[in-house]
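The values are calculated or read from the model by the stated rules, or taken from the named source; none is laboratory data. Note that this is a predicted model, so its numbers are computed, not measured. FYI the Cβ positions are ideal-geometry reconstructions off the backbone, even for glycines, and counts take in every protein chain you see.
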There are 2 protein chains.
Amino acid sequence: MQDKNTIAQLIEEGIANAGFPDTPAGLYDPARYILSGSGKRIRPMLTLMGAQLFDDRVEPYLPIAVAMEVFHNFTLVHDDIMDQAPVRRGKPTVHMQWDTTTAILSGDVMLIQAYELISQAPAAVLPDILGMFTQTAKEVCEGQQDDMEFERREMVGLDDYLQMIAKKTSVLLGCCLYCGSRAAGASASDAQLLYEAGLKLGISFQIQDDILDAYADAAHFGKKSGGDIIQNKKTFLTLTLMAIADEEDAPLIHQLFSTQSLPEAEKVSAVMTYYEKYDVRSIADEFMARYYEEARVALNLVQVPEARKEALRWLMENVFSREK
Amino acid sequence: MQDKNTIAQLIEEGIANAGFPDTPAGLYDPARYILSGSGKRIRPMLTLMGAQLFDDRVEPYLPIAVAMEVFHNFTLVHDDIMDQAPVRRGKPTVHMQWDTTTAILSGDVMLIQAYELISQAPAAVLPDILGMFTQTAKEVCEGQQDDMEFERREMVGLDDYLQMIAKKTSVLLGCCLYCGSRAAGASASDAQLLYEAGLKLGISFQIQDDILDAYADAAHFGKKSGGDIIQNKKTFLTLTLMAIADEEDAPLIHQLFSTQSLPEAEKVSAVMTYYEKYDVRSIADEFMARYYEEARVALNLVQVPEARKEALRWLMENVFSREK
């Protein structure tokens, strides 16, 4: 077994050698640029920790781990164009640093490179791993599509919202654990349990993200509190509030979430008052805890000695507690 | 063995059932829209004819054939954004019919779906077929990148141009023949010969395309003659001319290819006069014929009875003679 730091270093080396040629530079430089950002590398971490449940060596599974990071960064490049985001992790986004054309094409080649890396999985489980990766990749696209559509709708049901965040971000976490473990010899049922663990962990984390945006101490979390409220963004909190508000409050809340004219602080404060009134925070905390517990239970059921699960438990408990 | 019409019908059915779900409609409708266009289906045709060299049945290889068409149409969707093309095959392009965001994301999911279809190749040859498909997909991106860069450059060498058109369009034809034949049991060396045949055929066809743009009878070819000249587009003919023009003519030709102010007919006529003077047409004809001959020779070397090669020979001689 290898410790977390060794694994983290392996991942950085793997990403630095992800297989992008030097030329044409206009195609591959943007891929290197976004991958060199200071992401948390959660996805390759999950992949290798999934593998380490079943095999002491993690090196053979590094290409799969790197594939997950390359795929994730492909989605960032294309999503940033769609969302017209100027900055990502403190650096200009690819379409700002270069242009939209470059960002489209470099993103495309990153998706292809992710498949090249995935294809290095052991032949015996390649069809299975490919199938999981492809299903996940499609769901991530569907999640992004739903996210954009939901932002244009007046009301979105909580179930639809949960399905959207699951597809947009959580299925990939499940996929990482599935593919890493399966490549390292996990049975189909253990790999499926690990998929569930990653999926539920991701949903729990997304709900936490929504909570933190409204409630976190700005100094600790590093973002302005209430950003989602100011931007009229649909979150677990806003949708819960809209779903349970009484007849009198509902139209006022709807108005709050469609106005651009109110001063920011006043708007945040008005919404937070409604959150208090309807105990929205408690509902969100409960959902977050429930998904986290389901993830924990799924991991418990995986048929490997408890000692092997320690690193993954640590990752679940620590890395996911506050940061993306 | 199945005749051409049966195969063509199979392909249309395969494309109509390419596996795109109904929802989210905003994601999958654009994929269905571009795939329902009246393309020639050259790529799936090549795939199944490659398969038919080695197996009487073609149905098992239909997913691979459809993958090639889905991949090709993915490149059209994204290229049309980059080229700001408003119309494709007489219909609005996806980014015009919907918007750029939709065209990016639908294109992405088409690339993923192409991989899903490719993954249905027989397990024994899956790694090989995946490797060829991925290498090809990367080269297609590199070709598009080079094409865009070349348009911004003053001068491009003929070798660079040939490599660019090979990557942008011809490697995929080689890939179709390779994957179809390999899936149907071709040896690695026969599949490689078929790859060469497709590659060379594609280059020959691209040079022909450049020739036709300048020399075709507009009534027969359906496009205005000299369109490439009017748009200052780099083609085999323009680059050959620039490469061989003498010191006196060279600056005049460079000026011709950078002007926007000359009346169209006058500009076309001036360039055509230089083509005459330097016998550019003959040089292009010779290159076209040489690549076509290399394709023919490669097919001749494939170790199957001559009778099995008839359908593919017919496709090479007829479908590629005039139309894309």
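At-a-glance table
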| quantity | calculated |
| --- | --- |
| Hits in the stretch B:147-173 - residues which are surrounded by 23 or more Cβ atoms within 10 Å (Cβ to Cβ), in contact with a Lys or Arg (Cβ under 8 Å, 6 or more places away or on another chain) and either among the charged types (D, E, K, R) or under 25 Å from residue B:115 (Cβ atoms) (or both) | B:170, B:172, B:173 |
| Filter result for residue A:85 (at pLDDT 95 or above, part of a loop (DSSP other than H, G, I, E, B) and more than 8 Å from chain B (Cβ to nearest Cβ)) | yes |
| Filter result (touching a Pro at 6+ places or on another chain (Cβ under 9 Å), surrounded by fewer than 23 Cβ atoms within 10 Å (Cβ to Cβ) and away from chain A (no Cβ under 14 Å)) within the stretch B:15-61 | B:15, B:60 |
| Top-ranked residue in the stretch B:174-216 [being surrounded by fewer than 24 Cβ atoms within 10 Å (Cβ to Cβ) and not in a helix (DSSP H, G or I); ranked as modelled with the lowest pLDDT] | B:216 |
| So residue B:76, is it in contact with a strand residue (DSSP E or B) (Cβ under 7 Å, 6 or more places away or on another chain) and either away from chain A (no Cβ under 11 Å) or on the phi > 0 side of the Ramachandran plot (or both) | yes |
| Test set (1) in a helix (DSSP H, G or I); (2) in contact (Cβ under 8 Å) with a residue 40 or more places away in the chain; (3) buried (at least 18 other Cβ atoms within 10 Å of the Cβ) - residue A:128 fails condition number | (3) |
| Residue that is more than 7 Å from chain A (Cβ to nearest Cβ) and part of a helix (DSSP H, G or I), where the choices are B:121, B:114 | B:114 |
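Yes/no matrix, rows are residues, columns are (1) over 29 Å from residue A:166 (Cα atoms); (2) surrounded by 14 or more Cβ atoms within 10 Å (Cβ to Cβ); (3) of a type outside the set (Gly, Ala, Ser):
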{"position": "A:239", "(1), (2), (3)": "no, yes, yes"}
{"position": "A:249", "(1), (2), (3)": "yes, yes, yes"}
{"position": "A:256", "(1), (2), (3)": "no, yes, yes"}
{"position": "A:259", "(1), (2), (3)": "no, no, yes"}
{"position": "A:266", "(1), (2), (3)": "yes, no, yes"}
{"position": "A:273", "(1), (2), (3)": "no, no, yes"}
{"position": "A:277", "(1), (2), (3)": "no, no, yes"}
{"position": "A:282", "(1), (2), (3)": "no, no, no"}
{"position": "A:287", "(1), (2), (3)": "no, yes, yes"}
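Conditions tested, residue by residue: (1) within 21 Å of residue A:166 (Cα to Cα); (2) among the small types (Gly, Ala, Ser).
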site: A:46; (1), (2): yes, no
site: A:58; (1), (2): no, no
site: A:65; (1), (2): yes, yes
site: A:82; (1), (2): yes, no
site: A:87; (1), (2): no, no
site: A:112; (1), (2): no, no
site: A:131; (1), (2): yes, yes
site: A:139; (1), (2): yes, no
site: A:144; (1), (2): yes, no
